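Remarks on the structure that follows.
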Number of protein chains: 2
Amino acid sequence: MSLIVQKYGGSSVADAESIKRVAKRVVETRKAGNEVVVAVSAMGDTTDELLDLAHDVTPIPAPRELDMLLTAGERISMALLAMAIKSMGYDARSFTGSQAGMITDAQHGAARIVDVTPGRIRDALDDGAIAIVAGFQGFNRDTKDITTLGRGGSDTTAVALAAALGAEICEIYTDVDGVFTADPRIVPNARKIDRISSEEMLELAAAGAKVLYIRAVEYARRHGVILHVRSSFNNNEGTLVLNENAAEAAKQEDGSAVEAPIIAGVATDLSEAKITVVGVPDVPGKAAQIFKIVAKTDANVDMIVQNVSAAATGLTDISFTLPKSEGQRVLTALKAEQGDVGFQSLQYDDQIGKLALVGAGMRTNSGVSAKLFEALYEAGINIEMISTSEIRISVVTRADSVNEAARVVHRAFGLDGEGTAIVYAGTGR
Amino acid sequence: MSLIVQKYGGSSVADAESIKRVAKRVVETRKAGNEVVVAVSAMGDTTDELLDLAHDVTPIPAPRELDMLLTAGERISMALLAMAIKSMGYDARSFTGSQAGMITDAQHGAARIVDVTPGRIRDALDDGAIAIVAGFQGFNRDTKDITTLGRGGSDTTAVALAAALGAEICEIYTDVDGVFTADPRIVPNARKIDRISSEEMLELAAAGAKVLYIRAVEYARRHGVILHVRSSFNNNEGTLVLNENAAEAAKQEDGSAVEAPIIAGVATDLSEAKITVVGVPDVPGKAAQIFKIVAKTDANVDMIVQNVSAAATGLTDISFTLPKSEGQRVLTALKAEQGDVGFQSLQYDDQIGKLALVGAGMRTNSGVSAKLFEALYEAGINIEMISTSEIRISVVTRADSVNEAARVVHRAFGLDGEGTAIVYAGTGR
């Protein structure tokens with residue numbers, strides 16, 4: 001008997017009808033002879049409605065109480081799902097994060113999992129029951145308080161349970177058919193990816209693909225959990241996210257290795273801005289000094305580029321990108337230390353777009369960046385920054401060019417499928 | 001420093017504005033130098049909305065899961081109230097029933113409290129914090145499952161905490177000014193009662209007064225908890241519910257003993273029906289046989305009357321009242337045993353009204369029932385059944401006469417106040 005963990009996002013359990021549909025799918029999985037554990041998000045917009053209520057009461061809700069409040073959301077959806085399954089004649093029991101043994105640190109709103117002790121889940125399975133677990137929530141042993149895991153928390157709950165229970169697979173149900181070679185809203189010819197390595201998935205998620213959260217993918221990779229991202233609205237196979245060796249082996253098994261794509265996909269991101277520190281003295285230690293100031297603001301710096309200094313002046317420029325929401329905070333912090341660092345001025349640009357090309361095949365294939373740059377050149381798109389990892393090339397363009405850039409790059413690397421892909425609709429937490 | 005437990009019903013925390021108003025009141029109590037524990041119901045109609053959701057999913061929700069679902073309601077209100085208090089600069093912490101140590105049996109939907117271990121509440125108070133506790137909910141140690149206490153559960157939570165923590169008083173905040181000598185919607189001259197014994201309050205609650213639940217009053221009496229029923233919409237003194245000796249002492253203290261009313265109040269109830277078992281053989285054991293059948297249906301029988309048998313036939317009639325909702329169940333059960341019991345037929349009457357006159361003074365004052373019967377006779381109201389306890393007289397009339405009966409009895413016993421009382425609006429759970 002295999003153990004399968006399934007995760008259903010908020011859009012999959014948005015109302016009573018959706019919950020009944022999910023219950024049917026869960027029961028089918030059980031009928032097929034599997035043990036089933038389900039992690040579930042709050043219904044539809046429940047979390048946002050609870051947040052609105054909190055802000056109606058106070059502009060800055062106390063974090064402990066905000067977690068207490070928000071965890072009511074999954075409590076509702078999990079109880080309803082368990083009822084629906086029981087009414088179909090199958091035993092089901094719902095468990096809060098605390099009851100399911102999701103032990104976290106005490107950081108309310110963004111708690112980290114420190115241990116998973118799913119004894120009650122194992123007992124329920126041993127009794128032949130389906131276990132329904134509240135996603136997104138945990139419990140801190142020291143304070144004995146309820147915590148939440150932050151954005152993407154329900155994915156992480158599912159993966160952590162899959163790891164702790166030794167599940168064969170962790171199915172992430174969402175409202176799209178899987179992971180695509182690009183966002184189909186931007187690149188109509190985007191294709192669903194059948195298999196992708198967790199490393200590639202991580203890079204895509206980090207570069208802006210919304211379908212899976214980085215944290216859940218990381219957890220899955222670290223614990224060898226196989227993810228299957230698929231739609232809760234049909235029975236199509238979705239995207240398997242495997243650790244790299246398994247992904248390679250799987251590719252070879254079905255003969256696809258011969259034509260294994262060098263590039264897994266293209267991701268774009270319009271949420272970032274660029275800060276340029278102009279006229280930095282080109283002496284050792286200045287970059288460190290600047291990024292120490294930035295780090296103190298807790299900003300999430302992404303790309304960093306330093307130009308070669310102009311010999312005549314002994315000055316250089318340092319540019320970096322970061323989420324727009326953090327821009328003003330970082331500018332203020334840098335401005336305050338201008339005298340100490342000795343730079344001339346700051347430039348802020350929030351009209352940038354980022355495009356990332358991801359593929360494990362880059363490691364062994366030269367010429368990928370040349371092909372990328374050429375495709376953009378031919379389309380008349382100017383590249384403002386470049387940064388690379390082992391399996392990713394990212395470029396910054398003007399914001400209004402990035403969608404066109406995604407389309408030309410997608411075509412240039414032979415990723416275009418036939419016909420038009422279905423359109424993303426946004427995912428639950 | 002005194003410890004005060006306050007309970008706020010659903011109508012007192014119906015929206016963000018109401019929650020802020022309650023927060024202000026809680027903070028004022030804290031500022032006055034008291035330790036404060038608050039038991040809170042779910043916001044407004046939340047519980048009904050959650051019930052509707054459950055019934056959209058399945059006609060018969062699993063009891064364990066229904067409790068899991070409904071407890072989301074208080075989780076929301078208590079977290080919001082704690083946030084509101086914290087935003088006013090006072091420390092507050094919310095606790096679920098389980099965290100507050102409300103240990104119950106495992107009967108989902110109607111769990112009984114078996115132990116109260118409020119260690120975390122005591123710790124919070126010792127830290128100078130205000131403790132906000134979810135009403136209505138508990139925890140079973142054997143199953144480790146969440147339970148709910150049933151109707152009136154939040155009152156019971158408040159009283160149980162007051163008892164376990166040795167509170168000076170338990171304030172029950174509601175949307176009326178206190179306990180009235182009659183329902184002001186029926187008897188416009190009804191007066192607020194300043195002090196009432198718990199025994200009288202029990203009889204009034206049992207006879208249909210909605211402002212307090214029997215169970216909470218019983219718990220308070222058994223553990224010597226003083227209740228103060230008052231409005232959350234103004235600062236008026238409400239009704240003190242004291243155990244009998246304390247009530248008498250209080251009456252004497254302020255000189256009101258001399259004119260202590262014989263009658264505390266009048267209650268009416270239109271929710272009952274009457275079943276008459278016609279032509280029962282007048283031999284020993286028949287009544288026992290009938291009510292054993294009724295008991296098996298779990299029906300809540302209230303008044304029972306057996307007529308003297310007509311000597312000629314050797315047959316008698318037995319009538320009893322019970323909630324209308326249980327009528328058909330009991331009729332079916334009796335019908336099935338007709339041959340065995342040997343009665344002639346069954347009559348069902350759901351057009352009855354019940355009026356109860358309650359007062360500890362009855363014990364030492366004769367003539368109360370004569371005065372009651374006379375008042376009804378003068379108003380031309382026919383009495384169909386009579387039943388009495390030590391401090392209560394109940395009569396059954398036609399349903400359409402019971403409100404008029406309440407008014408004439410209220411007047412006859414000198415309960416009418418000056419002017420018109422404010423009108424009841426219904427209470428939270």
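Restricting attention to region A:327-343, does a residue exist that is among the aliphatic types (A, V, I, L, M) and not in a helix (DSSP H, G or I)?
So in region A:327-343, the residues among the aliphatic types (A, V, I, L, M) come out as A:330-331, A:333-334, A:336, A:341.
From what's left, not in a helix (DSSP H, G or I): none.
Taking every residue of region A:327-343 in turn, none turns out to be among the aliphatic types (A, V, I, L, M) and not in a helix (DSSP H, G or I).
Does A:Ala62 satisfy the condition of being within 11 Å of another protein chain (Cβ to nearest Cβ) and either buried (at least 20 other Cβ atoms within 10 Å of the Cβ) or out of contact with any helix residue (DSSP H, G or I) (no Cβ under 8 Å at 6 or more places or on another chain) (or both)?
Values: within 11 Å of another protein chain (Cβ to nearest Cβ): yes; either buried (at least 20 other Cβ atoms within 10 Å of the Cβ) or out of contact with any helix residue (DSSP H, G or I) (no Cβ under 8 Å at 6 or more places or on another chain) (or both): yes.
It is true that A:Ala62 is within 11 Å of another protein chain (Cβ to nearest Cβ) and either buried (at least 20 other Cβ atoms within 10 Å of the Cβ) or out of contact with any helix residue (DSSP H, G or I) (no Cβ under 8 Å at 6 or more places or on another chain) (or both).
Out of region A:69-114, which residues are surrounded by 18 or more Cβ atoms within 10 Å (Cβ to Cβ) and in contact with a Pro (Cβ under 7 Å, 6 or more places away or on another chain)?
Passing the criteria: A:Met83, A:Ala100, A:Gly101, A:His108.
Which residues, counting only those in region A:283-320, are in a loop (DSSP other than H, G, I, E, B) and surrounded by fewer than 15 Cβ atoms within 10 Å (Cβ to Cβ)?
A:Val283, A:Pro284, A:Gly285, A:Asp298, A:Asn300, A:Asn307, A:Val308, A:Ala311, A:Ala312, A:Thr313, A:Gly314
Going by the structure shown, is A:Asp183 part of a loop (DSSP other than H, G, I, E, B) and modelled with pLDDT of 95 or more?
The answer is no for A:Asp183.
Check B:Thr104, B:Thr96 and return the single one that is touching a residue at least 24 places away in the same chain (Cβ under 8 Å), at the interface with chain A (Cβ under 9 Å from one of its Cβ atoms), at negative phi and among the hydroxyl-bearing types (Ser, Thr, Tyr).
It is B:Thr96.
Report, ordered by the first and then the second residue, all pairs with beta carbons closer than 7 Å, sequence separation of six or more or different chains, a first member in region A:51-63 that is under 14 Å from B:Ile19 (Cβ atoms), and a second member that is of a type in the set (Val, Ile, Thr).
Listed by first residue and then by second, the contacts come to A:Val57/B:Ile19.
Here is a list of conditions, (1) in a strand (DSSP E or B); (2) more than 20 Å from B:Ala206 (Cα to Cα); (3) charged (D, E, K, R), and B:Lys354 meets all of them except one; can you say which number that is?
Of the numbered conditions (1) in a strand (DSSP E or B); (2) more than 20 Å from B:Ala206 (Cα to Cα); (3) charged (D, E, K, R), the odd one out for B:Lys354 is (2).
Residue-wise test of (1) out of contact with any strand residue (DSSP E or B) (no Cβ under 8 Å at 6 or more places or on another chain); (2) assigned to a strand (DSSP E or B); (3) among the aliphatic types (A, V, I, L, M).
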| site | (1), (2), (3) |
| --- | --- |
| A:Ile19 | yes, no, yes |
| A:Val37 | no, yes, yes |
| A:Ala72 | yes, no, yes |
| A:Met78 | no, no, yes |
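Could we say that A:Gly44 is assigned to a loop (DSSP other than H, G, I, E, B), more than 10 Å from every other protein chain (Cβ to nearest Cβ) and buried (at least 18 other Cβ atoms within 10 Å of the Cβ) here?
Working: assigned to a loop (DSSP other than H, G, I, E, B): yes; more than 10 Å from every other protein chain (Cβ to nearest Cβ): yes; buried (at least 18 other Cβ atoms within 10 Å of the Cβ): yes.
Judged against the criteria, A:Gly44 is a match.
With the requirement that a residue be at the interface with another protein chain (Cβ under 7 Å from one of its Cβ atoms) and of a type in the set (A, V, I, L, M, F, W, C), what does region B:79-93 give you?
Selection gives B:Ala79, B:Leu80, B:Ala82, B:Met83, B:Ala84.
Could you say which residue among B:Glu28, B:Glu49 is more than 9 Å from chain A (Cβ to nearest Cβ), outside any loop (DSSP other than H, G, I, E, B) and either touching a Leu at 6+ places or on another chain (Cβ under 6 Å) or closer than 23 Å to B:Ala163 by Cα (or both)? Before the answer, list the steps.
Working: B:Glu49 fails: either touching a Leu at 6+ places or on another chain (Cβ under 6 Å) or closer than 23 Å to B:Ala163 by Cα (or both).
Result of the check over B:Glu28, B:Glu49: B:Glu28.
Of all residues in region A:383-417 being in contact with a Gly (Cβ under 9 Å, 6 or more places away or on another chain), of a type outside the set (A, V, I, L, M, F, W, C) and within 20 Å of A:Glu203 (Cα to Cα), which is surrounded by the fewest Cβ atoms within 10 Å (Cβ to Cβ)?
Among them, the one singled out is A:Asn403.
Does A:Gly138 count as assigned to a loop (DSSP other than H, G, I, E, B) and in contact (Cβ under 8 Å) with a residue 12 or more places away in the chain?
Working: assigned to a loop (DSSP other than H, G, I, E, B): no; in contact (Cβ under 8 Å) with a residue 12 or more places away in the chain: yes.
Criteria not met by A:Gly138.
The values are calculated or read from the model by the stated rules, or taken from the named source; none is laboratory data. Keep in mind the model is a prediction, meaning the values are calculated, not measured. Cβ atoms come from the backbone with ideal geometry, glycine included; neighbour counts cover every protein chain shown.
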